[in-house]
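Structure first, commentary second.
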Amino acid sequence: MADETHDATFREEQDHLSAIYAQLCDLRDTLTEEIETSHRGAADDLREMSEEIRPDFGGTDETMETLAAIETLNSVIDTYNQYHDFTVEKLQRVLLLLRSTLAPRA
């Protein structure tokens, strides 16, 4: 009877760990795809925004507008970089968890 209880508990724990492992694998795949997709989208957005900036230092007003446009672009780049760094860090934690865990038994 004790062996049956032990076996049932073991199976229950193994099923739970297998489910967690599968969730980590799904999260890894999602984050990897998200990084690739956001990288392409950011590159396209930044290229488009850069093309819209027309440097004009002919006068004070034009210089201020040019500098404001450049500052806006820099702010967007910073935001993309922060999001990218956050997502990569999250992916690294997931990969660490997957490496520290044995793959579930079939």
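Values in this text are rule-based calculations from the coordinates and carry no lab data. Values in this document were obtained by computation on a predicted structure and should not be read as measured data. Reconstructed Cβ throughout: ideal geometry from the backbone, glycine too, with neighbour counts over all protein chains shown.
Could you list the chymotrypsin sites (Phe, Trp or Tyr not before Pro) in the stretch 12-106 that lie in coil according to DSSP, counting only those with at most 14 other Cβ atoms within 10 Å of their Cβ?
On the way: sites: Y21, F57, Y80, Y83, F86; in loops: F57.
Here the chymotrypsin sites (Phe, Trp or Tyr not before Pro) that fit, given the DSSP loop and packing criteria, are F57.
Computed FRET efficiency, Cβ-Cβ of L27 and T66, R0 41 Å: what is it to the nearest 0.05?
Details: r = 43 Å, r/R0 = 1.05.
After rounding to 0.05, the efficiency reads 0.45.
Roughly how tilted is helix 60-100, in degrees to the nearest 10 and between 0 and 90, from the longest Cα axis of the chain?
Rounded to the nearest ten degrees, it is 10.
Please list the three semi-axes, largest first and in whole Å, of the ellipsoid equivalent to the chain, using sqrt of 5 times the eigenvalues of its alpha carbon gyration tensor.
Values: eigenvalues 571, 23, 12 Å².
The answer is 53, 11, 8 Å, longest axis first.
Tell me, what ³J(HN,Hα) does each residue in the stretch 31-42 have, in order and in whole Hz, if you take phi through Karplus 6.51 cos²θ - 1.76 cosθ + 1.60 with θ = phi - 60° and put x for Gly and Pro?
5, 4, 5, 4, 5, 5, 5, 5, 5, 5, x, 5
Can you give the net charge of the other residues whose Cβ lies under 14 Å from the Cβ of R28, counting K and R as +1 and D and E as -1?
On the way: positive: K90, R93, R99; negative: D26, D29, E33, E34, E36, E89.
After counting each charged neighbour, the total is -3.
Compute the relative contact order of the chain as a whole-number percentage, counting only Cα pairs closer than 8 Å that sit 6 or more residues apart in sequence. Spell out each step's value before the answer.
Numbers: 42 pairs, mean separation 48.7, N = 106.
After rounding, I find 46 percent.
If each DSSP helix of 4+ residues adds -39,500 (n - 2.57) and the sum is divided by the residues in the chain, what number results at 222 nm, nearest 500 deg cm²/dmol?
On the way: 2 runs with 92 residues, N = 106.
Value at 222 nm, helices only, nearest 500: -32500 deg cm²/dmol.
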